[in-house]
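Below is one structure, written out as structure tokens, with a few remarks after it.
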Amino acid sequence: MPLSSLLGYLPPRAAEILLKYRPDDLTEIRLRAGRPMTVTAPEGNLPTGLTLTAEELTETLSKLCGGSLHAYGEVMKEGFIPLGGGCRAGICGSLSGGEVTAVTSICLRIPRNVKGASATLCRRLLAAPTEGMLLYSPPGEGKTTLLRDMAVTLSSPPHRLRVAVIDTRRELYREDAFRHAIADVYLGYPKAMAMELAIRTMSPQYLLCDELGAEEADSVLSAQNAGVPLIASAHAPSLEALLRRPAMKRLDEAGVFGQYVGIKREGRSFFFDIQARGGGSI
């Protein structure tokens with residue numbers, strides 16, 4: 001979803017300010033009730049000079065939910081609203097009685113297609129076709145962008161591999177990017193459920209998902225036992241920190257991921273630290 005499509009959700013004075021920025025420079029828009037509105041660009045988190053009211057944030061939230069807050073109650077409790085087109089709105093505020101009663105901040109992520117950004121990773125993966133790959137970094141370094149490009153690259157000519165894309169938060173799939181791909185996409189499914197369904201019914205050659213969590217460990221091991229490699233991502237500042245998590249250590253000991261990829265982004269460029277299972281850069 002381009003920036004121009006997001007402007008219709010925003011208060012008019014916020015949309016007017018955003019027209020001053022180059023759309024390609026922005027990766028996030030952050031709205032806050034009674035506090036500064038900022039945008040995220042290669043230079044960092046930039047103040048816009050605008051402070052929105054609680055009423056403006058409530059109106060924005062209603063537009064994001066299509067006028068029906070109740071319909072989005074469950075996903076809002078998980079901290080986001082799916083918007084389609086690879087875009088989602090992150091939300092935070094007050095939770096009371098199991099319901100989100102007030103939203104004080106909204107983060108609109110602007111997805112990017114960076115065609116060819118994952119070329120190095122795809123070559124590494126195809127050189128060891130039975131091994132999975134895990135991408136890791138702190139938030140905001142471009143893991144989702146790279147995973148999207150990997151899914152498209154692997155499932156498009158000349159490779160044409162059957163990739164089951166598990167897009168629980170509707171951030172990976174963009175119709176324009178996947179137009180010529182033969183990927184099969186599970187939108188909104190819990191990751192563990194989608195993995196099991198894909199293996200039973202879609203005979204994938206790769207599974208691909210974002211933000212792997214501890215609750216998916218059993219399903220990941222089942223996929224490995226079925227011979228389906230997994231391409232996934234996780235938040236972590238280092239491989240050492242990643243493998244200190246019990247679930248990740250369990251997957252590592254089972255040999256689920258043959259390659260671990262640390263990601264660092266500088267502007268529009270990606271840098272990779274690729275390590276084989278057991279340590280050592282490759």
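Only residues that are assigned to a loop (DSSP other than H, G, I, E, B) and open to solvent by 10 Å² or more (accessible area, probe 1.4 Å): list them for the range 230-255, please.
PRO237, SER238, ARG244, ARG245, ALA254, GLY255
Quickly run through the range 270-282 and pick out the residues that are out of contact with any Lys or Arg (no Cβ under 9 Å at 6 or more places or on another chain), at pLDDT 85 or above and either exposed (fewer than 12 other Cβ atoms within 10 Å of the Cβ) or among the aliphatic types (A, V, I, L, M) (or both).
ALA276, the sole residue that qualifies.
Tell me whether the range 195-212 contains one or more residues that are under 26 Å from GLU78 (Cα atoms), of a type in the set (Gly, Ala, Ser) and surrounded by fewer than 15 Cβ atoms within 10 Å (Cβ to Cβ).
Within the range 195-212, not a single residue is under 26 Å from GLU78 (Cα atoms), of a type in the set (Gly, Ala, Ser) and surrounded by fewer than 15 Cβ atoms within 10 Å (Cβ to Cβ).
For (1) touching a Leu at 6+ places or on another chain (Cβ under 7 Å); (2) over 25 Å from THR145 (Cβ atoms), each residue gets a yes or a no:
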site: LYS20; (1), (2): no, no
site: ASP25; (1), (2): no, no
site: ASN45; (1), (2): no, no
site: LEU50; (1), (2): no, yes
site: GLY66; (1), (2): no, yes
site: VAL75; (1), (2): no, no
site: GLU78; (1), (2): no, no
site: ALA89; (1), (2): yes, no
site: GLY93; (1), (2): no, yes
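Of all residues in the range 207-229, how many are of a type in the set (D, E, K, R) and in a helix (DSSP H, G or I)?
The number of residues fulfilling the criteria is 3.
Determine if the range 239-249 includes at least one residue that is out of contact with any Ser or Thr (no Cβ under 6 Å at 6 or more places or on another chain) and on the phi > 0 side of the Ramachandran plot.
Looking for residues that are out of contact with any Ser or Thr (no Cβ under 6 Å at 6 or more places or on another chain) and on the phi > 0 side of the Ramachandran plot, one finds none in the range 239-249, hence no.
Can you find even one residue in the range 42-58 that is charged (D, E, K, R), out of contact with any helix residue (DSSP H, G or I) (no Cβ under 9 Å at 6 or more places or on another chain), in contact (Cβ under 8 Å) with a residue 12 or more places away in the chain and surrounded by 15 or more Cβ atoms within 10 Å (Cβ to Cβ)?
Within the range 42-58 (the criterion being charged (D, E, K, R), out of contact with any helix residue (DSSP H, G or I) (no Cβ under 9 Å at 6 or more places or on another chain), in contact (Cβ under 8 Å) with a residue 12 or more places away in the chain and surrounded by 15 or more Cβ atoms within 10 Å (Cβ to Cβ)), the answer is no, since none of the residues qualifies.
Please go through the range 67-90 and give me each residue that is exposed (fewer than 11 other Cβ atoms within 10 Å of the Cβ) and at positive phi, ordered by number.
GLY67
Go through the range 159-178 and give me each residue that's modelled with pLDDT of 95 or more and either in contact with a Gly (Cβ under 9 Å, 6 or more places away or on another chain) or surrounded by fewer than 22 Cβ atoms within 10 Å (Cβ to Cβ) (or both).
Those that are modelled with pLDDT of 95 or more and either in contact with a Gly (Cβ under 9 Å, 6 or more places away or on another chain) or surrounded by fewer than 22 Cβ atoms within 10 Å (Cβ to Cβ) (or both): HIS159, ARG160, LEU161, ARG162.
Do we find a residue being part of a helix (DSSP H, G or I) and among the charged types (D, E, K, R) anywhere in the range 68-78?
Taking every residue of the range 68-78 in turn, at least one turns out to be part of a helix (DSSP H, G or I) and among the charged types (D, E, K, R).
Give the number of residues within the range 1-29 that are closer than 17 Å to ARG112 by Cβ and either open to solvent by 50 Å² or more (accessible area, probe 1.4 Å) or free of Cβ contacts under 8 Å to residues at least 40 places away in the same chain (or both).
So the count comes out to 9.
Among (1) within 15 Å of the chain's Cα centre (by Cα); (2) basic (Lys, Arg); (3) open to solvent by 40 Å² or more (accessible area, probe 1.4 Å), there is one condition LYS63 misses while meeting the rest; what is its number?
Checking LYS63 against (1) within 15 Å of the chain's Cα centre (by Cα); (2) basic (Lys, Arg); (3) open to solvent by 40 Å² or more (accessible area, probe 1.4 Å), the one that fails is (1).
Does ALA128 satisfy the condition of being among the hydrophobic types (A, V, I, L, M, F, W, C) and at pLDDT 90 or above?
Here the answer is yes, as ALA128 does meet what is asked.
Residues being assigned to a helix (DSSP H, G or I), open to solvent by less than 40 Å² (accessible area, probe 1.4 Å) and either more than 20 Å from LEU207 (Cα to Cα) or touching a residue at least 60 places away in the same chain (Cβ under 8 Å) (or both): count how many of those fall in the range 91-123.
1
If the Cβ limit is 7 Å and pairs must be 6+ apart or interchain, which residue in the range 124-136 that is within 17 Å of ALA226 (Cα to Cα) pairs with which residue that is outside any helix (DSSP H, G or I) and of a type in the set (Phe, Trp, Tyr)?
GLY132/PHE257; MET133/PHE257
The values are calculated or read from the model by the stated rules, or taken from the named source; none is laboratory data. In this text, all values refer to a predicted model and were calculated from it rather than measured experimentally. Positions of Cβ are backbone-derived with ideal geometry, glycine not excepted, and every protein chain shown enters the neighbour counts. The area values use the complete protein model at the heavy-atom level, side chains included, leaving out ligands, DNA and RNA. Shrake-Rupley method; radii C 1.70, N 1.55, O 1.52, S 1.80 Å.
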